[in-house]
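J.: To start, I am sharing the structure in question, which I have written as structure tokens.
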Amino acid sequence: MGAIKNLQFKPTNLTGGVSSLPANRSQAGREASATLAGHMRSSGQDTVNMNDLMKLARNEDGKTPTNVSDAASFMVSNPKLFSALESRDDAAGTRDGIASVDSFDRAANGAFDDMLNEKPQMSPQMLAKLGVKTMPDHEVKETLNTFRAGSPDKQLTPQTLYQLSQSPAPDAPPALAEAASRALQNPKLLQELGLNDGPGAPRKTPEPSSAAFDMSKAPANLKPAA
């Protein structure tokens, strides 16, 4: 298994194509994080969750640049990275499923390189060739559809899958977390599951701007001439 650690595979995106990101996982993580931070700033978005990232990964509005879609795909397919990244937003390390632009800046500067280099990301097919057992696709769908049927008050969204994979309930069966994690890494499974659209991350309340300045209380020398 020692040789496996040194294998590197070109990332794929959630549309099934080859990603523009490099094969080296730490480099890919840095580049994806920098791209997402830049996109968030240019679009006035200070936080994102998995639902936001999935929309970018799938280019749902038809206007998302390819490099941004590839960056979002990488983040969706690496829920452990997103978990480590978003938990840094809280001093207590709480996972709320929402990542700030600052957390992407930290990742872009290499804060999670060691974690990304721990082992390569491999498809279930490649793992099978190496003799590593993974949950079959049909079991993934059965497990998640059973969860959906038993939880009528919950929709199966990308954010739900993330929470199931990284912060499962204490009484949740281990298979549920494994199924959720597998689904996030497999574009075919995501499509076959027919995920619901979920709400994006809540936006921060904007700071009071000069537009809200009360001119009646301004000093005389700032008031407009009559």
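J.: Sort out which residues of segment 10-30 are open to solvent by 60 Å² or more (accessible area, probe 1.4 Å), part of a helix (DSSP H, G or I) and touching a residue at least 60 places away in the same chain (Cβ under 8 Å), and write them in order of number.
T.: If the condition is that a residue be open to solvent by 60 Å² or more (accessible area, probe 1.4 Å), part of a helix (DSSP H, G or I) and touching a residue at least 60 places away in the same chain (Cβ under 8 Å), then 30 is the only one that fits.
J.: Would you call residue 146 at pLDDT 90 or above, over 21 Å from residue 86 (Cβ atoms) and either open to solvent by 60 Å² or more (accessible area, probe 1.4 Å) or in a loop (DSSP other than H, G, I, E, B) (or both)? Before the answer, list the steps.
T.: Values: at pLDDT 90 or above: yes; over 21 Å from residue 86 (Cβ atoms): yes; either open to solvent by 60 Å² or more (accessible area, probe 1.4 Å) or in a loop (DSSP other than H, G, I, E, B) (or both): yes.
Against the criterion (at pLDDT 90 or above, over 21 Å from residue 86 (Cβ atoms) and either open to solvent by 60 Å² or more (accessible area, probe 1.4 Å) or in a loop (DSSP other than H, G, I, E, B) (or both)), residue 146 qualifies.
J.: Contact list please: Cβ distance under 8 Å, first residue in segment 65-86 and in contact (Cβ under 8 Å) with a residue 60 or more places away in the chain, second residue crowded, with 24+ Cβ neighbours inside 10 Å and of a type in the set (Phe, Trp, Tyr), pairs at least six apart or on different chains.
T.: If the second residue must be crowded, with 24+ Cβ neighbours inside 10 Å and of a type in the set (Phe, Trp, Tyr), the pairs left are 76/82; 79/162; 82/162; 83/162.
J.: Give me a count of the residues in segment 35-48 that are in contact (Cβ under 8 Å) with a residue 24 or more places away in the chain and either buried (at least 20 other Cβ atoms within 10 Å of the Cβ) or assigned to a helix (DSSP H, G or I) (or both).
T.: In the first step, residues of segment 35-48 are kept if they are in contact (Cβ under 8 Å) with a residue 24 or more places away in the chain; the result is 35-37, 39-41, 45-48.
Add one more test, that the residue is either buried (at least 20 other Cβ atoms within 10 Å of the Cβ) or assigned to a helix (DSSP H, G or I) (or both), and what stays is 35-37, 39-41, 47-48.
Total satisfying the criteria: 8.
J.: Let me ask something additional. Which numbered condition trips up residue 66, out of (1) of a type in the set (S, T, N, Q); (2) open to solvent by 40 Å² or more (accessible area, probe 1.4 Å); (3) under 22 Å from residue 199 (Cβ atoms)?
T.: Unmet condition: (3).
The values are calculated or read from the model by the stated rules, or taken from the named source; none is laboratory data. For clarity, every value in this text was computed on a predicted model and none was experimentally measured. Using ideal geometry, Cβ is built from the backbone for each residue, glycine included, and neighbour counts are taken over all protein chains shown. Just so you know, the surface numbers come from the protein's heavy atoms only, side chains and all, with ligands and any DNA or RNA stripped out. Shrake-Rupley method; radii C 1.70, N 1.55, O 1.52, S 1.80 Å.
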